[in-house]
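Chemist: Just dropping this structure here.
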There are 2 protein chains.
Amino acid sequence: MLAVHLESGRVVLRAQALPRVPRGFARIRLLAAGICSTDLELQRGYYGFSGTPGHEFVGEVTDASDKTWIGKRVVGEINLACGDCDWCRRGLGRHCPTRTVLGIVKHPGAFREFLTLPVRNLHEVPKTISTEHAVFIEPVAAACEILDQVKIPKGERVAVLGDGKLGLLVSQVLQAHGAQVHLFGRHREKMRLVEPTGVTTEIAPKKLPGAAWPLVVDATGSSAGLQAAVSMCIPRGTVIMKSTVHGLVSIDTAPAIVNEITLVGSRCGRFEAAIPLLSSGKVNVGSMISEEFPLDCAPQAFARAAKKGVLKVLLRPPG
Amino acid sequence: MLAVHLESGRVVLRAQALPRVPRGFARIRLLAAGICSTDLELQRGYYGFSGTPGHEFVGEVTDASDKTWIGKRVVGEINLACGDCDWCRRGLGRHCPTRTVLGIVKHPGAFREFLTLPVRNLHEVPKTISTEHAVFIEPVAAACEILDQVKIPKGERVAVLGDGKLGLLVSQVLQAHGAQVHLFGRHREKMRLVEPTGVTTEIAPKKLPGAAWPLVVDATGSSAGLQAAVSMCIPRGTVIMKSTVHGLVSIDTAPAIVNEITLVGSRCGRFEAAIPLLSSGKVNVGSMISEEFPLDCAPQAFARAAKKGVLKVLLRPPG
């Protein structure tokens, strides 16, 4: 079978044997996968990654110890947890200290014709969600994670910084939750995509409004984003740190301390929350797909995804 | 009357007229005041400060619109709030956007023979607390602020980083609250002061234990403290940012995001929580007084307070 491989910053194609299926696992035939900013960071060599990336996928189960899964169209939670530690017992397997992570940490990812995941990580995709849209279940779940961490009252005014894929999804998810979201970005055409859901948008001014929002989400992916988010937050307000930046970020901690701001790091989320949002159409992702490439054009797909202004690039298996 | 003045980094003495007493205010004769790290930062010119510093004090009311206060021994909350805005109505006058702050922002401080504060800022000092100990009510209240912001279950394991004045107070306050506090510092003799309250102590090793504590308080006052606190915190844990550092702090935000750490900026607190802790002796501050100077030796007192290893330096009015 065909597998994408990252090595020393290059995207290469390899022919591989079908992955074996350990007890409790399923083998999944890829239907579609999405290239995420994290994949581009792995390509740049962050986290010393080498191997097959890919963690946003939809596939069809072709083999599994539990035969009832065979033939089902599925997505899968990306953290492979031990299932047995304190974290796992509390339903927080995504913090299991011995976890591996699909396409990120010690488990080969989804950019290949067949992948494997534990059956307990799988969620069947309802018929109401197309395969292309279901690729977004993972990033929508990451946006939903905010709701798992912070209580956001209905009608709460929320500022989201950044109109990349994550910023657009976070805006829609929080708006669907009942917040009044205001998105600050740099691309009028991207921000237009979320306006039908009720999100108000604004090209980020040079001087952002100070101490104005009870909740601010930094989804800029830039090292300046966190400082901007803190200064926009009202005293005792909350800043969600949603986008990682490689390397050190310089911030003036004084305003965060004087105004007693709470900063919350936020990563992956539960798929259960994401599926109904896509199924109901409350979160609209169709307009966020920039392009599709066949898996054997992965090098070109990565190059395209890295271009400024490009949103989601999908990979499809050959044939 | 005598007043201490900071100008261009120098500590000078000035003769001044008695301050007038606006409606709702009290005039207070100084009994004792404490030099805080913030005062040393003001001296260094941070925040563009020029004027009379001092916000930790005990005094006797000599004049007030409400005559029942006259003769009382008092301490005072340092934020002079409008009393009328949303913040003030929610009991959060210390975040009132138009506030001035005693000895820090646009209200002359306590390092003078007579100071003024609104009567509503005053708390009578119970007889059970000596004047020297009552100087600590303000910084103990700042330590208590953590309990106002974060729920800490009884028995919770808490790491405190930094054995300066604030670290020693925070350790005692959280231990008195019922947490199991472990203090990491650099000075065996300072840390010994808090051991009788049950706090366990340790000279900070080069490599601090990673992902080990559900709650970590950074009271180091150093730019490396925040990064260390984040790496010591377990996934989904909380870091309290208690010490300001002038200028930019560099942190790697990735571990905070991957482990979904919550960082909470924490500043001043309510005096109501601090007074019983000092009154009952649950927080012991007697051993934290390094030295006393008369007010007219303020330049020497500031120099002494800035020395490494020195804890609280008190100022006393002449005579």
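Chemist: What helices (runs of 4 or more DSSP H), lying completely within region A:148-237, carry at least 2 residues that are of a type outside the set (A, V, I, L, M) and farther than 17 Å from A:SER266 by Cβ? So that I can check it myself, show each step before the final result.
Modeler: Details: elements: A:165-177, A:188-192, A:225-232.
So the answer is A:188-192, A:225-232.
Chemist: Scan (1) among the hydrophobic types (A, V, I, L, M, F, W, C); (2) touching a Ser or Thr at 6+ places or on another chain (Cβ under 6 Å); (3) within 11 Å of chain B (Cβ to nearest Cβ) for the single condition A:ILE234 breaks and write down its number.
Modeler: Going through the list (1) among the hydrophobic types (A, V, I, L, M, F, W, C); (2) touching a Ser or Thr at 6+ places or on another chain (Cβ under 6 Å); (3) within 11 Å of chain B (Cβ to nearest Cβ), A:ILE234 breaks only (2).
Chemist: Output the residue which, of all residues in region A:283-300 that are in contact with a strand residue (DSSP E or B) (Cβ under 8 Å, 6 or more places away or on another chain) and of a type in the set (Gly, Ala, Ser), is farthest from A:VAL173 (Cα to Cα).
Modeler: The extreme case among them is A:ALA298.
Chemist: Can I ask one more? Being among the β-branched types (Val, Ile, Thr) and under 24 Å from B:LYS151 (Cβ atoms) is the filter; apply it to region B:200-219 and report the residue that is most open to solvent (accessible area, probe 1.4 Å). Give the steps one after another, and end with the answer.
Modeler: Our first condition is that a residue be among the β-branched types (Val, Ile, Thr); within region B:200-219, this holds for B:200-201, B:203, B:216-217.
Cutting the leftovers down to under 24 Å from B:LYS151 (Cβ atoms) gives us B:200, B:216-217.
Working: B:THR200: 70, B:VAL216: 0, B:VAL217: 0 Å².
Going through the qualifying residues, I end up with B:THR200.
Chemist: Restricting to region A:106-127, what's the tally of residues that are assigned to a loop (DSSP other than H, G, I, E, B) and hydrophobic (A, V, I, L, M, F, W, C)? If you could, list the steps in order and put the result at the bottom.
Modeler: Start the filter on region A:106-127 by keeping residues that are assigned to a loop (DSSP other than H, G, I, E, B), which leaves A:108-111, A:113, A:125-127.
If we keep only those that are hydrophobic (A, V, I, L, M, F, W, C) too, we end up with A:110-111, A:125.
Counting residues in region A:106-127 that are assigned to a loop (DSSP other than H, G, I, E, B) and hydrophobic (A, V, I, L, M, F, W, C) gives 3.
Chemist: Next question. Quick one: is B:ARG99 basic (Lys, Arg) and either more than 24 Å from B:ALA273 (Cα to Cα) or not assigned by TED's automatic domain parsing to the domain that holds B:SER130 (or both)? Quick ask: steps written out before the conclusion?
Modeler: Details: basic (Lys, Arg): yes; either more than 24 Å from B:ALA273 (Cα to Cα) or not assigned by TED's automatic domain parsing to the domain that holds B:SER130 (or both): no.
For B:ARG99, the condition - basic (Lys, Arg) and either more than 24 Å from B:ALA273 (Cα to Cα) or not assigned by TED's automatic domain parsing to the domain that holds B:SER130 (or both) - is not met.
Chemist: Then there is this: Looking at B:TRP213 and the list (1) assigned by TED's automatic domain parsing to the domain that holds B:HIS55; (2) more than 21 Å from the chain's Cα centre (by Cα), which single condition is not satisfied?
Modeler: That leaves (1) as the condition not met.
For (1) in contact (Cβ under 8 Å) with a residue 12 or more places away in the chain; (2) assigned to a helix (DSSP H, G or I), each residue gets a yes or a no:
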| position | (1), (2) |
| --- | --- |
| B:ALA256 | yes, yes |
| B:GLU272 | yes, yes |
| B:VAL283 | yes, no |
| B:LYS307 | no, no |
| B:VAL313 | yes, no |
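Chemist: Identify, please: which residue in region A:118-142 is touching an Asp or Glu at 6+ places or on another chain (Cβ under 9 Å) and charged (D, E, K, R) and is, among those, least open to solvent (accessible area, probe 1.4 Å)?
Modeler: A:GLU138
Chemist: Can you tell me which residues in region A:46-59 are modelled with pLDDT under 90 and open to solvent by less than 40 Å² (accessible area, probe 1.4 Å)?
Modeler: The answer is A:PHE49, and nothing else.
Chemist: Which ones in region A:261-319 are closer than 29 Å to A:GLY225 by Cα and acidic (Asp, Glu)?
Modeler: A:GLU291
Chemist: I'd like the residue in region A:239-297 that is more than 7 Å from chain B (Cβ to nearest Cβ), open to solvent by less than 30 Å² (accessible area, probe 1.4 Å) and in contact with a Lys or Arg (Cβ under 6 Å, 6 or more places away or on another chain) and, out of all such residues, is farthest from B:THR262 (Cα to Cα).
Modeler: Filtering first and then ranking leaves A:MET288.
Chemist: Assuming B:HIS246 fulfils every condition listed in (1) at pLDDT 95 or above; (2) more than 29 Å from A:ARG99 (Cβ to Cβ); (3) of a type outside the set (A, V, I, L, M); (4) out of contact with any Gly (no Cβ under 9 Å at 6 or more places or on another chain) apart from one, which condition is it?
Modeler: Answer for B:HIS246: the failing condition is (1).
Chemist: For A:LEU18, indicate whether it is surrounded by fewer than 22 Cβ atoms within 10 Å (Cβ to Cβ), touching a Lys or Arg at 6+ places or on another chain (Cβ under 8 Å) and touching a residue at least 12 places away in the same chain (Cβ under 8 Å).
Modeler: Working: surrounded by fewer than 22 Cβ atoms within 10 Å (Cβ to Cβ): yes; touching a Lys or Arg at 6+ places or on another chain (Cβ under 8 Å): yes; touching a residue at least 12 places away in the same chain (Cβ under 8 Å): yes.
So A:LEU18 passes the test.
Chemist: Quick check on my filter: what residues within region A:206-231 are facing another protein chain (nearest Cβ under 10 Å) and of a type outside the set (S, T, N, Q)?
Modeler: Residues of region A:206-231 that are facing another protein chain (nearest Cβ under 10 Å), as a first pass: A:211, A:218, A:223, A:225-227, A:230.
Scanning region A:206-231 gives A:ALA211, A:ASP218, A:GLY225, A:LEU226, A:VAL230.
Chemist: Hey, any hits in region B:71-81 for a residue that's at pLDDT below 95 and surrounded by fewer than 17 Cβ atoms within 10 Å (Cβ to Cβ)? Spell out the reasoning first.
Modeler: Taking region B:71-81 first, the residues at pLDDT below 95 are none.
Within region B:71-81, not a single residue is at pLDDT below 95 and surrounded by fewer than 17 Cβ atoms within 10 Å (Cβ to Cβ).
Chemist: Could you list, in sequence order, all residues of region B:21-43 that are among the charged types (D, E, K, R) and surrounded by 13 or more Cβ atoms within 10 Å (Cβ to Cβ)?
Modeler: Of all residues in region B:21-43, those among the charged types (D, E, K, R) come to B:23, B:27, B:29, B:39, B:41.
Scanning region B:21-43 gives B:ARG27, B:ARG29, B:ASP39, B:GLU41.
Chemist: Have a look at A:ARG94, A:ARG10 and point out the one that is out of contact with any Lys or Arg (no Cβ under 7 Å at 6 or more places or on another chain), within 14 Å of chain B (Cβ to nearest Cβ) and open to solvent by 10 Å² or more (accessible area, probe 1.4 Å).
Modeler: A:ARG94
Chemist: Right, here's the next one. Restricting attention to region B:16-31, does a residue exist that is over 22 Å from B:ALA142 (Cα atoms), out of contact with any strand residue (DSSP E or B) (no Cβ under 9 Å at 6 or more places or on another chain) and among the aliphatic types (A, V, I, L, M)?
Modeler: Scanning region B:16-31, I find at least one residue that is over 22 Å from B:ALA142 (Cα atoms), out of contact with any strand residue (DSSP E or B) (no Cβ under 9 Å at 6 or more places or on another chain) and among the aliphatic types (A, V, I, L, M), so the answer is yes.
Chemist: Within region A:286-307, how many residues are among the basic types (Lys, Arg) and closer than 11 Å to A:ILE35 by Cα? So that I can check it myself, show each step before the final result.
Modeler: Step one: list which residues in region A:286-307 are among the basic types (Lys, Arg), which gives A:304, A:307.
Next, from what is left, pick out any that are closer than 11 Å to A:ILE35 by Cα: A:304.
Number satisfying all stated conditions: 1.
Chemist: When you scan region A:203-218, do you find a residue that is of a type in the set (Lys, Arg) and closer than 26 Å to A:LEU40 by Cα, even just one? Reasoning before the result, please.
Modeler: At the first step, the residues of region A:203-218 found to be of a type in the set (Lys, Arg) are A:206-207.
Retained after the next criterion (residues that are closer than 26 Å to A:LEU40 by Cα): none.
No.
Chemist: Follow-up question, since we're still on this one. Given (1) under 19 Å from the mean Cα position of the chain (by Cα); (2) more than 30 Å from B:HIS55 (Cα to Cα), where does B:GLY185 come up short, assuming only one miss?
Modeler: B:GLY185 satisfies every listed condition except (2).
The values are calculated or read from the model by the stated rules, or taken from the named source; none is laboratory data. Because the structure is a prediction, the values reported are computed rather than measured. So basically every Cβ, Gly included, is an ideal-geometry build from the backbone, and we count neighbours across all protein chains shown. Areas reflect the complete protein model, heavy atoms only, side chains present, ligands, DNA and RNA absent. Shrake-Rupley method; radii C 1.70, N 1.55, O 1.52, S 1.80 Å.
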